[in-house]
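Enquirer: I have a structure I would like to understand better, so I am pasting it below and will then ask my questions one at a time.
What follows is calculated from the coordinates using simple rules that are stated; it is not laboratory data. It should be emphasised that the depicted structure is a prediction, and the values quoted were computed from it without experimental measurement. When we count neighbours, we look across all protein chains shown, and the Cβ atoms used for this are built from the backbone with ideal geometry, even at glycine.
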Amino acid sequence: MVSGFLLSENGLYPAESAPGEPLIAVQSVRRAVSESANTTVRVDGVSKQYDLGGTVTALDDVSLDLSAGSYTAVMGPSGSGKSTLLNLIGGLDTPSSGRVVVNGQDVSSASEAERADIRGTEVGFVFQTFNLMPRLSAVENVALPLVFDGWDRTRRRERAVSLLSEVGLADRTDHVPAELSGGQRQRVAIARALSTDPALILADEPTGNVDTDTGAQILDLFDDLHAAGNTFLLVTHERHVAERAERIVHVEDGHIQSVEDVSGGEH
Amino acid sequence: MDTGESVRITLRSIRAHKLRSALTVVGVVIGIASVITFATFGASVEAEIVGDIETSNAGNIYVFGTPSGDDDFDRTLQPVFTEYDVQQLEGIQGVQAVLPRGIVQTQSIQHGNRTLARQQVTATRPASITDGVLVEGRSFEADEEAVVVNERMAGSFSQNLTTGERLTITMPDGSERNVTVVGVVNGTRGEVPVSEFARQPRVYVPIDPFYDSVVESPSAGVRQRAYPQVTLVVDPRAIPETQSAIQAYISGDADARSLSADDTELVARSGNDFVEEISDVIERITRFVTGIAVIALVVGAIGIANVMLVSVTERTREIGIMKAVGARNRDVMQVFLVEAALLGTIGSLLGVPLGLVVGYGATRYAEVAFSLAPLWMALAVGVGVLVGVVAGLYPAWRAARVDPIDALRHE
């Protein structure tokens, strides 16, 4: 950060003045490159304003590409806009301007029903607070996205049982969340995120509500799933968690401050 | 989203709030049960009365005068149908018997040491007392000094009156007639159906020698007996034609027409006319009372709406989860509508038998035969489900509109 210049997805900034106008806008160059690449997610000049008795800008002209099979962490302090970015990519929210394309589908212009379908089939969410249906068993929770995707009951159950054994919960299929430990619940949530074989898994502070050992196990599971070809976008404020990814996108005040290559150090 | 899954989710939710769901269902049960109770009771009363009239009076045509203004009911009892009219009516094709009926005032009727004051007795022809109505004994002969009493009258004296016993009838002029009871009946042939409502003690006497209301017949030119009401027994296969012929006679050349005030309408009503009129009245009352019971159902519906709104608020986070994993707005709506409809359905399924039991109790109490109102039952179940759906619409719509981001943050 002190080395004079800062390269973001939007261009080259003088480190001292960032955020602000880039010295060289590289948008056109980047677009030409990524259009040909195997892109799972494209965030293109996205801004998001909220009207909370005065306009609050959560994201300001952010662009970011995730290629298939990549593992990206988003870091930033709370209020930086990293959750907003996750919600936009996950189709839970729509940008005020700019485009979000997930696996070829434009989320920003999709209807509410189409976004629901994208959330169900293209994206798998893993939340800090697990967000399991309290009265459904583990296997029913895992099968829930398949319900909305129109699978029949037998196939849903087969798929859910096999995913639960993949995450090491073969013996817990019929337990409700209250009967499971935090780590087990998060593994159910991960299995649920995988159920529709989505193009992208979005994890929002997945280790925030579990102890260190359990957190490590969850991150190991992510590594295994990444190795198996899944694309990950992980939001965290913990450095050691972010370092499990291939690259770290630093977000602050609604801007991407820097993109850090974990193996190669900061750009 | 398949219905089976939404039902499963709903059942879990209902099971998680057993007491709350049960109380909501009770609201619907009370509503449905009241509707069923009143509808069933109304149908039973109607069937009972209509059944009575239909079995005993199918081929009867009742002829009487009715004032166009309802204020002057006395005039319906004016003796205007003369013997001449009776003969003319007997001549109409399809008429099998004519049963004139008159009222004889008495000072009192005495049996043993018991005297009943200010009684009326009914004068009629022997043919009015048929085997079908006789409980014991026989009919009187024309011009016999004998009477037939109904069961109510038989029970009016300290010892039950039976055939062969004697009554003393004191006429308005103070003269006394000693008569023999020759029969006990439970009604008479040709009685106007509405009189069955008032099962009063009655004594039936032969026209001769008891009945002496006379007027001068305009057609015959002599003084003749005249009756306020005449019943005609007609060929059951030709009721409409015969009824028209009778109506034509009494509103045309009949003595009764000349003897009646201009604003008195002379009518020939069939048993079916009475059945229709009575059914109409009972149905109207039933509908009115059932309508009041519907208020209970509306209260039940409000209960469902209330609980569903609470449920939506409580399950905001679940709605967020469902939306995050791909539920469309209509899927969310479906989950809540199914829950509301299920509460309504359970309510009606429990309410129908309860209503039938209470309705049965009411018919026992009122001493009428129990009859089902299947249409109302089907309607009640349908309405119960509908009530649930309608009551659930707004809460479900609210649920569907929940913003998933807010919902997932919701504690």
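Enquirer: Starting from the Cα-Cα distance between B:Val192 and B:Val26, subtract it from 0.36 nm times their residue separation and give me the gain in nm to one decimal.
Expert: Stretched out fully, the B:Val192 to B:Val26 stretch lengthens by 55.2 nm.
Enquirer: With +1 assigned to the C-beta of every Lys and Arg and -1 to the C-beta of every Asp and Glu, and no other charges, what is the dipole magnitude of the range A:144-267 about the Cα centre in debye, to the nearest 20?
Expert: For this selection, approximately 700 debye.
Enquirer: Next question. Could you calculate the FRET efficiency of A:Val176 with B:Leu393 from 1/(1 + (r/R0)^6), where r is the beta carbon distance between them and R0 is 25 Å, rounded to 0.05?
Expert: Here the calculated transfer efficiency is 0.25.
Enquirer: When only C-alpha pairs under 8 Å and at least 6 residues apart count, what is the relative contact order of chain B, in percent?
Expert: 30
Enquirer: Another question about this same structure. Give the long-range amide H neighbours of A:Tyr71: residues separated by 5 or more places, or on another chain, with amide H under 5 Å away, using H modelled in the peptide plane at 1.01 Å from N.
Expert: So A:Tyr71 has HN proximity to A:Phe232, A:Glu246, A:Arg247.
Enquirer: Taking the alpha-carbon distance from B:Lys18 and a cut-off under 30 Å, which lysines remain once sequence neighbours fewer than 8 residues away in the same chain are dropped?
Expert: B:Lys323
Enquirer: What FRET efficiency comes out for A:Ser47 versus B:Ala369 if R0 is 60 angstrom and r is the Cβ-Cβ distance? Round to the nearest 0.05.
Expert: Efficiency computed from Cβ-Cβ geometry: 0.15.
Enquirer: When you look at the Cβ of every residue in B:315-324, what mean number of other chain Cβ atoms sits within 10 Å? Kindly include the intermediate steps, with their values, before the conclusion.
Expert: Details: counts 3, 0, 4, 6, 0, 3, 12, 7, 8, 17.
Per-residue shielding by partner chains comes out at 6.
Enquirer: Something else about it: Once you charge only the Cβ atoms, +1 for Lys and Arg and -1 for Asp and Glu, what is the size of the charge dipole of the protein assembly as shown about its Cα centre, to the nearest 20 debye?
Expert: Charge dipole of the protein assembly as shown: 1240 debye, to the nearest 20.
Enquirer: Same structure, new question: Going by alpha carbons, how many degrees (0 to 90, nearest 10) lie between the helix axis of B:329-366 and the longest principal axis of chain B?
Expert: 30
Enquirer: If you take the beta carbon distance between B:Leu19 and B:Asp406 as r and set R0 to 25 Å, what does 1/(1 + (r/R0)^6) give as a FRET efficiency, to the nearest 0.05?
Expert: 0.30
Enquirer: Restrict the search to the range A:135-237; then list the GluC sites (Glu not before Pro) that DSSP places in a loop and that have at most 15 other Cβ atoms within 10 Å of their Cβ. Please report the intermediate quantities before stating the final value.
Expert: On the way: sites: A:Glu140, A:Glu158, A:Glu166, A:Glu179; in loops: none.
Those that pass, being in a loop and sparsely packed, number zero.
Enquirer: Within a 10 angstrom radius of each residue's Cβ in A:143-150, how many Cβ atoms of other chains show up on average? Whole number is fine.
Expert: Mean shielding count: 6.
Enquirer: Moving to a separate point now. Order A:210-218, A:194-202 from most to least packed using the mean count of other Cβ atoms within 10 Å.
Expert: A:194-202, A:210-218
Enquirer: With +1 on each Lys and Arg Cβ and -1 on each Asp and Glu Cβ, how big is the dipole of the range B:261-336 about its Cα centre, in debye rounded to the nearest 20? Intermediate values should be presented prior to the final figure.
Expert: Numbers: 8 positive and 11 negative charges, 251 e Å.
With only Lys, Arg, Asp and Glu charged at Cβ, the dipole is about 1200 debye.
Enquirer: Next question. Compute the distance from the alpha-carbon center of the range A:218-242 to that of the range B:126-157, in whole Å.
Expert: If you average the Cα positions of each part, the centres end up 104 Å apart.
Enquirer: Order the peptides A:124-133, B:111-120 from the highest to the lowest mean number of other Cβ atoms within 10 Å of their residues.
Expert: With the highest mean Cβ count within 10 Å placed first, the list reads A:124-133, B:111-120.
Enquirer: Among A:92-103, B:324-335, how do they line up from the highest to the lowest mean number of other beta-carbon atoms within 10 Å?
Expert: B:324-335, A:92-103
Enquirer: Just want the answer: with Cβ charges of +1 for Lys and Arg and -1 for Asp and Glu, which residue in B:Leu11, B:Ile207, B:Gly347 is farthest toward the dipole's positive end in chain B?
Expert: B:Leu11
Enquirer: Taking the dipole about the Cα centre of the range B:79-259, with the C-beta of Lys and Arg at +1 and of Asp and Glu at -1, give me whichever of B:Asn113, B:Met171, B:Val184 is farthest to the positive side.
Expert: B:Asn113
Enquirer: Can you return the lysines within cross-link range of A:Lys48? Criterion is Cα-Cα under 16 Å, with same-chain partners fewer than 8 residues away left out.
Expert: A:Lys82
Enquirer: Right, next: Going out from 0 in 10 Å bins, what whole percent of all Cα-Cα distances in chain B drops into each bin?
Expert: Histogram of Cα-Cα distances, whole percents per bin: 5, 17, 19, 16, 11, 9, 9, 8, 4, 1, 0.
Enquirer: Can you work out ³J(HN,Hα) from phi for every residue in the range B:16-26, in order, using Karplus 6.51 cos²θ - 1.76 cosθ + 1.60 and θ = phi - 60°, giving whole Hz and x for Gly and Pro?
Expert: 6, 10, 4, 5, 4, 5, 4, 5, 4, 4, 4
Enquirer: Under the definition of Cα pairs under 8 Å and six or more residues apart, what whole-number percent is the relative contact order of the range B:1-143?
Expert: 10
Enquirer: Projecting each Cα onto the charge dipole of the protein assembly as shown (Lys/Arg +1, Asp/Glu -1 at the beta carbon, about the Cα centre), which of A:Ser258, B:Val332, B:Ala238 comes out farthest on the positive side?
Expert: Most positive-ward Cα: A:Ser258.
Enquirer: If you don't mind, there's one more thing I want to ask. Report the antiparallel proportion of the DSSP beta bridges in the protein assembly as shown as a percent, rounded to a multiple of 5.
Expert: 75
Enquirer: Expressed in nm to one decimal, what extension gain is obtained for the pair B:Ala261 and B:Asn178 from 0.36 nm per residue of sequence separation less their Cα-Cα distance?
Expert: Full extension of this stretch gives 26.1 nm more.
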